[in-house]
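The structure appears right after this line, and notes come after that.
Laboratory data are not the source of any read-out in this text; all were calculated from the coordinates shown. Computed from a prediction, not measured in an experiment: that's the story for all the values here. Methodologically, a virtual Cβ is constructed for each residue, glycine included, from the backbone with ideal geometry; neighbour enumeration extends over all protein chains shown.
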Ligand code: ADP
Ligand code: C5P
């Protein structure tokens, strides 16, 4: 049978029209669970594809003068701390194949670097990573696959203390105070309840090579279907089987 007679139905991000939308993956999980590490491992394995990472952290709102003066009282773990409309705008542009300038966030000074941006180009795969990327339905609706990185709270706290003191200019006491007052309650109220939206839950984060290999295999399958639709734009895919 010719390509034109191949049977067809849209499957996931491969649209019935064979249109060229990137595959969008959301990666969520508590602070220091290993989200970035897992994303880096997926990106490394997909070295033969164009993959970009977008961090929800880049969309932290700037603080008012009053908030800056009392930064120890500011809740960076509440959904309102993020400019989600701007995140949606950037993701919309990337999904439609345009490049975007993404803000760069400075954790030491709790503000965006006003002059520099990170230019992110159109790509085959967009990974959106952050503690609350499953919280807002509009953001979830952008995703073709949702991954939750599940790491024990004691391990996450230990990593967070090390990271925030070494990389983010904090002292141990302030990390522990922030954790008890904001980070843990927001994890219980917002992050953990959003785990139910995940398609895949990865225990132990970056240590779980089997889970990461399986996820990469799945992405490759989806990208393969995408490539076929680019070659044969009038061919539709039924489930995952192809008949040519
Ligand atoms: P997240 O993006 O969820 O905040 P990261 O991937 O940035 O988490 O990891 C947080 C910290 O923990 C980093 O300093 C990182 O080097 C460390 N880390 C992440 N995964 C592991 C691991 N499997 N073993 C040891 N340290 C890890
Ligand atoms: O990389 P990670 O997912 O841990 O980043 C999110 C964490 O960053 C949140 O738990 C929040 O408490 C912290 N944060 C901070 N100071 C800021 C912005 C975010 O401690 N200025």
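Using C-alpha pairs below 8 Å separated by at least 6 residues, the relative contact order for the range 75-134 is 27 percent. The ratio of the alpha-carbon radius of gyration of the range 99-233 to the globular-protein estimate 2.2 N^0.38 Å is 1.27. Each Cα pair under 8 Å and six or more residues apart adds its sequence gap; the mean of these over the residue count of the range 27-181 is a relative contact order of 37 percent.
With the simple model of a label 7 Å out from the Cα in the direction of the Cβ, residue 209 to residue 74 spans 4.1 nm.
What distance in nm lies between label points placed 7 Å from Cα along the C-beta direction at residue 47 and residue 153? For residue 47 paired with residue 153, the spin-label model returns 4.0 nm. Restricting the calculation to Cα atoms, the range 105-151 shows an Rg/Rh of 1.03 when the hydrodynamic-style radius is the Kirkwood one. Here each label is just a point 7 Å from Cα along the line to Cβ, and for residue 201 and residue 98 those points are 3.9 nm apart.
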